[in-house]
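Heads up, the thing below is written out as structure tokens.
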Amino acid sequence: QQQQQDKDEDEDEDDDDNSDAFEQVAKFAVQSTGQAALRRLLRAYSTYDPQVGYCQGMNFIAALFLMVMDDEETAFWMFVSVMNEDVYNLRELFVRDMAGTQEVLYVAERLIEQFLPRLFDHFQLQNVQMSMILTPWLMTIYTRNFPFELVLRVWDSFLVEGWKVVYRTMLALLEHAQPALLQLE
């Protein structure tokens with residue numbers, strides 16, 4: 001009974017995460033067919049790769065593929081591809097130790113330090129942990145926090161050029177916001 005209760009609680013949590021993934025797109029209203037498709041895709045992936053299973057954040061990427069692909073199967077295999085192919089290797093962001101996430105955040109912080117030194121110093125002075133800002137951006141390749149049109153542009157480039165697009169986008173967003181961010185204490 002306890003296992004079934006835990007499973008039901010996990011499904012409720014997954015449903016909450018899945019609802020968040022579709023907030024910006026009317027096609028996927030709560031309890032819609034889109035949300036059901038997302039649940040099926042994520043369950044299929046957790047069966048395909050049980051070492052990773054499901055991790056919060058994956059739903060945003062899977063939702064994007066469901067929105068732009070013709071069918072669930074194509075979306076699933078696209079998701080498998082970006083999770084596992086070396087050029088993308090998103091899988092490493094979601095493994096238990098999250099080593100890939102730590103690496104991506106380290107690279108991001110070094111780039112900010114190099115290309116936006118005033119902002120980097122300001123964050124240090126204010127004791128702002130950059131990971132608090134950058135983690136949702138980088139783990140979901142912007143699918144969680146940004147307008148759909150921007151997400152599509154970033155992903156089009158990411159699929160061709162890889163991670164450098166993600167970092168360039170991050171730097172551009174921070175550079176644009178830098179005047180306002182430097183005013184904050």
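Only protein atoms count toward the accessible area here, which uses a 1.4 Å probe; on region 39-185, the carbon and sulfur part of that area reaches 52 percent. Between the amide H of MET69 and any residue lying 5 or more places away or on another chain, no distance stays under 5 Å, with hydrogens modeled in the peptide plane. Eigen-decomposition of the gyration tensor built on the alpha-carbon atoms of region 25-148 gives equivalent ellipsoid semi-axes of 30, 17, 12 angstrom, largest listed first. Using only the Cα atoms, work out Rg/Rh for region 58-103, with Rh taken as the Kirkwood radius, to two decimals. Using only Cα positions, Rg/Rh for region 58-103 is 1.03. Using the 1.4 Å probe convention, the accessible area of region 107-185 works out to 58 Å² per residue with neighbouring protein chains retained. Calculated on the alpha-carbon coordinates, the convex hull of region 75-163 measures out at 115 cubic angstrom per residue. When the residues ARG110, ARG153 are ordered by accessible surface, computed with a 1.4 Å probe over the protein chains alone, the sequence from largest down reads ARG153, ARG110.
The share of Cα pairs per 5 Å bin across region 143-185, counted from zero up to the longest distance, runs 5, 21, 24, 23, 13, 8, 4, 1 percent. With N as its number of residues, region 34-74 has a Cα radius of gyration that, divided by 2.2 N^0.38 Å, comes to 1.07. Ligands, DNA and RNA aside, GLU103 has an accessible area near 120 Å² when probed at 1.4 Å.
For region 169-174, putting each phi into the Karplus relation 6.51 cos²θ - 1.76 cosθ + 1.60 with θ = phi - 60° gives couplings of 4, 4, 5, 5, 5, 5 Hz, in residue order, rounded to whole numbers and with x for Gly and Pro.
The values are calculated or read from the model by the stated rules, or taken from the named source; none is laboratory data. On a predicted model such as this, the values are computed, not experimentally measured, just so you know. What goes into the accessible areas is simple: the full protein's heavy atoms, side chains included, and nothing from ligands, DNA or RNA. Shrake-Rupley method; radii C 1.70, N 1.55, O 1.52, S 1.80 Å.
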